Structures are given as structure tokens and as C-alpha cells.
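Peer 1: A single structure is presented below for examination.
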Amino acid sequence: MSYGNKFGNSGNGNEKDSAVVKTDANVAIRGRLSRLVYAGGDYGESVGLLLDDAVLVEGVLMREVDSGYLKVFGWTEFENDLPEGYTAADAPEEYDFRHPQGVNTYSLVAARLVPDGEEPSGEEYEIGDMITFEGGSVKPKGFSRALVKTLASNPDEMVLSTDDIYNWLNSEVTLRPELEGREVIYIKYLQEPQDGRGNPFQMPQVIDMESGEVIIKEGYGQTFLPGVSDDEIDVVVGQEAAIPATDGGATDVVAEAPAEEPSSAAVDEFVTTMIDLQVDDEDQILAQLTSLVNAAGHDLSEDAVDAFGGESAVVDAILG
């Protein structure tokens, strides 16, 4: 996705020297918080999180062959093809990632696995200075809003909308000054809905390496435990978690995605890709959707479409 290099006041230009790294669910990266930046372009607004001296803690780091972009996949992406009792050495050397336009081929850079209660396998890998962007498709993702509310100064003034991808983020978004330079583990994990209904959704968790505490929304104490809307996000980013500042402890919160429960991630990706490709014909959208739902080994399932609201909801999300 192109953001048109339109950065807000929180950027100072150095973000262009940082490696662009996409992240999947169930991954963990250690690094020093540098800043938040605003990015806006043809496909809406995004927040960029910059980490200095980033290191892969858990996940499979791969490079897209054609573009050169990096992406950290969670191990669940490959679990159907991995042997029982797999280790980091079993990470695929190449991976074909399917999407509506075709296939993107990724090559392995590094892999590290931290099983619960076991010794890690694979070496930590130094990524260096990096930036990862979070936005959405038609609407800003709950994850994106939660990340801003967790790390930004004046967080309630930074998230302007829950349903407008072009006007959801304040261009003056900045990292809280007391967090600058702090060494953290940045985790993207799957959160179960509080009412037990619906699909898991991605949420951020940022753990202070020195204290072992989870960084929460500005203005909340570590014992704040209130009750995807803004209120639900406040619950997640306000929760306390007793997690030791170690690699093994960090991955205690990286829950595996239950294979039997549909996730909206594949539908969100389909919607984003159709918008990116400017597909505006309903019959073509439905034909592509049906083709992918019926494709063997593809994450886009009928259950996921139904959970999203059905085919009509997918079409509406694409055509606006």
C-alpha cells in the first residue's frame, strides 16, 4: 500500500531510512520506542510505529521477493504444513502467499519459536531500525485505534473516528515523551470478544522490558480494569497483565488462533485488495470471493464471510 509519503508533524524524515516491516498476528518484536508518525494517502490514513534496534523475538521473518518488503508471519500461518513438534528450523524457505490478485512469494530471512514452558528455538535476529504501519480498509481497524490509544499523548484527541479511514487519525499524533527510547517487546496477539461471541480480533500489547509491566493508555493506573467500539478498546489497552520481561514470558500472551473459529483477517485483506485494485463491479467481486472461498488451503472461508455479515456486507465494504 502506498501512503504517498505524506507524513504529519510527528515525523522528522528519518522514518524513510527505517525498514518497512509488516506484522501478522502472533508475533513479537523487541526494540526501543522511537516515535509515532501520521501517514495519509489515496487509501486512507495510517499510524506508523518506529522501533529502533528492533530484534525478532518470535515469528517468521520473510522478504517479499518482488518488492523487497519484510513481513513477520505468525507460526499459525504455516501450521498446516509443519511437522508435529516443529522448531524454528522447520520454517519454510519460501512461501507463496495467496491473495485475490494472485500470489506473492516470500523468502525466509529468520525464524524464532518460543513454545510455552520450553526453551526457544532459533536465534534472535537483528532487524535494525524499523517502521510498521497500521490503518484499515474502509474503516480504521480496532488494532490501529488501540495502538494509538496505548502509546500516544492525549490519546482521546488522536482517534477522531471509528468508521472513516480517511479522517480517523489526528495528524499531530505523537509518542508520549516518557516512552521515547524505552526498550519494549511489541506483540500483536488475538483477543477473544468479552461476551464470548464473534471472532477473535488483533490487538497490540507493548511490554516494558525494564519493569515487565504492560504499557497502558495514558492516564490509567496499572490496576485499571473497566469493562470493536472505542469503549472495548479502552478495556483492552487499560488492562494489567503480570508478564515477566523475558522472551518466554512475552510470548505467554501470544495466543494461537483457533483454527475452527473464523477470523476476519482474510476478509479484511480481501476487501483491502479489491479497493487497492479499484475493482468496482459487484459481479466480479462476488466471482472472485466465491473462487477464493472454494480454493483449497485459502484462509478465506464461508464461515469468515458469514461472520463478516455475508457477501452483501463484503461488497458494501468494497464499494462503500
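Peer 1: For Glu178, are the conditions met, namely being more than 17 Å from the chain's Cα centre (by Cα) and not in a strand (DSSP E or B)?
Peer 2: Details: more than 17 Å from the chain's Cα centre (by Cα): yes; not in a strand (DSSP E or B): yes.
For Glu178, the condition - more than 17 Å from the chain's Cα centre (by Cα) and not in a strand (DSSP E or B) - is met.
Okay, residues lined up against (1) part of a strand (DSSP E or B); (2) within 10 Å of Ile131 (Cβ to Cβ):
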{"site": "Lys22", "(1), (2)": "yes, no"}
{"site": "Ala25", "(1), (2)": "no, no"}
{"site": "Ala28", "(1), (2)": "yes, no"}
{"site": "Leu33", "(1), (2)": "yes, no"}
{"site": "Ala39", "(1), (2)": "yes, yes"}
{"site": "Ser46", "(1), (2)": "yes, no"}
{"site": "Leu50", "(1), (2)": "yes, yes"}
{"site": "Ala54", "(1), (2)": "yes, yes"}
{"site": "Val57", "(1), (2)": "yes, no"}
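Peer 1: Hey, could you check region 45-64 for residues that are crowded, with 23+ Cβ neighbours inside 10 Å and among the charged types (D, E, K, R) and say which is nearest to Pro204 (Cα to Cα)?
Peer 2: Here the residue is Glu58.
Peer 1: Test of understanding: among Val148, Val103, which residue is assigned by TED's automatic domain parsing to the domain that holds Glu64, touching a Pro at 6+ places or on another chain (Cβ under 7 Å) and not charged (D, E, K, R)?
Peer 2: Just one listed residue meets the conditions, Val148.
Peer 1: Condition (residue is assigned to a loop (DSSP other than H, G, I, E, B), out of contact with any Asp or Glu (no Cβ under 9 Å at 6 or more places or on another chain) and either over 22 Å from Arg35 (Cβ atoms) or in the same structural domain as Ser34 (by TED's automatic domain parsing) (or both)) applied to region 183-190: is it met by at least one residue? Step through it out loud before you land on a result.
Peer 2: Residues of region 183-190 assigned to a loop (DSSP other than H, G, I, E, B): none.
Among the residues of region 183-190, not one is assigned to a loop (DSSP other than H, G, I, E, B), out of contact with any Asp or Glu (no Cβ under 9 Å at 6 or more places or on another chain) and either over 22 Å from Arg35 (Cβ atoms) or in the same structural domain as Ser34 (by TED's automatic domain parsing) (or both), which makes the answer no.
Peer 1: Which residues, counting only those in region 76-94, are buried (at least 19 other Cβ atoms within 10 Å of the Cβ) and modelled with pLDDT under 95?
Peer 2: Across region 76-94, the qualifying residues are Thr76, Glu77.
Every residue, every condition in (1) of a type in the set (Val, Ile, Thr); (2) farther than 25 Å from Val57 by Cα, yes or no:
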{"site": "Val138", "(1), (2)": "yes, yes"}
{"site": "Leu160", "(1), (2)": "no, yes"}
{"site": "Glu172", "(1), (2)": "no, yes"}
{"site": "Glu180", "(1), (2)": "no, no"}
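Peer 1: Test Val109 against the criterion of being of a type in the set (A, V, I, L, M, F, W, C), at pLDDT 95 or above and either surrounded by fewer than 18 Cβ atoms within 10 Å (Cβ to Cβ) or not in a strand (DSSP E or B) (or both), and give yes or no. Explain how you work it out, then say what you get.
Peer 2: On the way: of a type in the set (A, V, I, L, M, F, W, C): yes; at pLDDT 95 or above: yes; either surrounded by fewer than 18 Cβ atoms within 10 Å (Cβ to Cβ) or not in a strand (DSSP E or B) (or both): yes.
Criteria met by Val109.
Peer 1: Something else about it: Tell me which residues, restricted to region 59-90, are β-branched (Val, Ile, Thr) and assigned to a strand (DSSP E or B). Break it down stepwise before answering.
Peer 2: Going through region 59-90, the residues β-branched (Val, Ile, Thr) turn out to be 60, 65, 72, 76, 87.
Within region 59-90, Val60, Val72 qualify.
Peer 1: Looking at this structure, is Ser67 surrounded by fewer than 22 Cβ atoms within 10 Å (Cβ to Cβ) and under 30 Å from Glu178 (Cα atoms)? Explain how you work it out, then say what you get.
Peer 2: Details: surrounded by fewer than 22 Cβ atoms within 10 Å (Cβ to Cβ): yes; under 30 Å from Glu178 (Cα atoms): no.
Spelling it out, it is not the case that Ser67 is surrounded by fewer than 22 Cβ atoms within 10 Å (Cβ to Cβ) and under 30 Å from Glu178 (Cα atoms).
Peer 1: Collect the residues in region 114-141 that are outside any loop (DSSP other than H, G, I, E, B) and surrounded by fewer than 21 Cβ atoms within 10 Å (Cβ to Cβ), keeping them in residue-number order.
Peer 2: Step one: of region 114-141, the residues outside any loop (DSSP other than H, G, I, E, B) are 121, 125-134, 136, 140.
Within region 114-141, Ser121, Tyr125, Glu126, Gly128, Asp129, Phe133 meet the criteria.
The values are calculated or read from the model by the stated rules, or taken from the named source; none is laboratory data. Everything numeric in this text was worked out from a predicted model, so none of it was measured. Cβ: placed from backbone, ideal geometry, glycine included. Neighbour counts: every protein chain shown.
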